[in-house]
């Protein structure tokens, strides 16, 4: 089995690229989805996050309000509150990494020639890159990140710019990610152009996976 990390900065289009890989036959899991599951009431990560960030991040039903947690972790754009994102990452990352590694091993047990992709924004920042055989980095221009975030979150371009800026501050710049990448997929053109590049990378990954036993 070939273990592949799929990463890139905020709003670069990782999920879109991931869907394209799945359509070609890969298996994929999203670290964000794992983190969401680990923050369900009763989970240890949930308990640790609430203990560190307080009950103010919770909705009335006891579930974590992700927008409030993001504000508590990244700092409010309207205040001078210090970022606590590293504190949040120290709680969440180890559990997420353990879960995604368990998932990859399960995929490998079922199919020795599978391509198992983990989509995660902070693979390099979390020091998880040694867990993968290959690393793919998705990139795009800043203005497109802002446009996509504004459309996704239904906020103004200025609000999207502020949010993108504060989240990018907690991530490695694209230049550093590219240096560590085995493959780079530029996602600033049309979807067809991105799909063509994904197909090229998939063919190379498939050839590698077929050699594994």
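Structure notes:
- Gain in span if fully extended, residue 153 to residue 207, counting 0.36 nm per residue against the direct Cα distance: 15.6 nm
- Take the Cα of residue 141, step 7 Å toward its Cβ, do the same at residue 37, and the gap between the two points is 3.8 nm.
- Zero-based 10 Å bins, Cα pair distances in segment 1-67, whole percents: 17, 38, 26, 18, 1
- FRET E, pair residue 65, residue 176, Förster distance 35 Å, beta-carbon r, rounded to 0.05: 0.65
- Look at the alpha carbon pairs under 8 Å that are at least 6 residues apart: their mean separation over the length of the chain gives a relative contact order of 37 percent.
- Rounded tilt (10° steps) of 191-211 against the dominant C-alpha axis of the chain: 60
- Computed over segment 109-213, the P(r) curve from all C-alpha pair distances, binned at 5 Å from the origin, holds 2, 10, 17, 19, 19, 15, 9, 5, 2, 1, 0 percent per bin.
- All Cα pairs of segment 11-120, percent lying beyond 20 Å: 50
- When the P(r) of the chain is calculated, the portion above 33 Å amounts to 17% of the C-alpha pairs.
- On the beta carbon distance between residue 113 and residue 191, with R0 = 22 Å, the FRET formula returns roughly 0.20.
- Rounded tilt (10° steps) of 85-110 against the dominant C-alpha axis of the chain: 30
A short reminder: the numbers here are calculations on the coordinates, not readings from a lab. These figures come from a predicted structure and were not determined experimentally. Every residue, glycine among them, receives a Cβ derived from its backbone with ideal geometry; neighbour counts consider all protein chains shown.
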